[in-house]
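Colleague: Here it is, the structure, as structure tokens.
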Amino acid sequence: MNKVMLIGNVGQEPEVRYVDQGVAVARFSLATTERGYTLQNGTQVPDHTDWHNVVLWRRLAEVVEKYVHKGDKLYIEGRIRYTSYDDKQGRRRYVTEIWAENMEMLTPKSAATASQPSQPAGNAAGPSQQPAPGNESEALPF
């Protein structure tokens with residue numbers, strides 16, 4: 001089984017591109033932090049932050065484009081993918097990415113501005129749900 005679950009903060013504004021036949025692809029970095037603590041002998045263990053490259057496709061990417069911004073807290077569920085490529089100097093480079101299959105926005109609505117509302121997102125494989133023109137408020141889950 002290949003399953004990853006992360007809760008963290010978006011480290012940069014998402015980059016969204018459209019590829020073959022208008023399929024949306026979003027990419028951004030996500031920071032997860034393990035909080036520091038103090039051992040019984042008084043030794044301080046500092047916070048530790050890991051950075052993850054997250055990739056979302058189709059409807060999830062479209063949701064990210066509209067609603068996700070730097071600093072937002074997200075729950076990401078997906079799978080880990082390893083790829084490699086040769087750079088311009090001919091050196092082999094390795095990339096680790098999280099291909100998200102589900103995303104939940106955890107930033108409270110009160111913390112988002114009017115132009116950055118929070119919205120939970122469903123499974124990437126789910127049907128695309130576009131509101132009818134003029135009925136946007138009826139299609140939003142909040």
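Bear in mind these aren't lab numbers, they're just calculated from the coordinates by the rules spelled out. Just so we're clear, the structure is a prediction, and the values are computed from it rather than from any experiment. In this analysis, Cβ positions are derived from the backbone assuming ideal geometry, glycine residues included, and neighbour counts consider all displayed protein chains.
Colleague: Go through Lys3/Lys88; Lys66/Lys88; Lys70/Lys109 and tell me which ones have a Cα-Cα distance over 26 Å in this structure. Provide the component values of the computation, followed by the final result.
Modeller: Details: Lys3/Lys88 33 Å; Lys66/Lys88 34 Å; Lys70/Lys109 15 Å.
Pairs exceeding the cut-off: Lys3/Lys88; Lys66/Lys88.
Colleague: Right, next: Restricting attention to the stretch 41-104, which trypsin sites (Lys or Arg not before Pro) occupy a DSSP loop and are surrounded by at most 12 other Cβ atoms within 10 Å? All intermediate terms of the calculation are to be shown ahead of the outcome.
Modeller: Numbers: sites: Arg58, Arg59, Lys66, Lys70, Lys73, Arg79, Arg81, Lys88, Arg91, Arg92, Arg93; in loops: Lys70, Lys88, Arg91.
Passing sites in the stretch 41-104 are Lys70, Lys88, Arg91.
Colleague: Between Ile7 and Val45, what length in nm is gained on full extension when 0.36 nm per residue of separation is reduced by their alpha carbon distance? Mind showing how you got there, number by number?
Modeller: Values: separation 38, 0.36 × 38 = 13.68 nm, distance 2.09 nm.
Computed gain between Ile7 and Val45 is 11.6 nm.
Colleague: Quantify how much of the Cα-Cα distance distribution of the stretch 3-94 extends past 23 Å, in percent.
Modeller: Values: 1709 of 4186 pairs.
Tail fraction, whole percent: 41.
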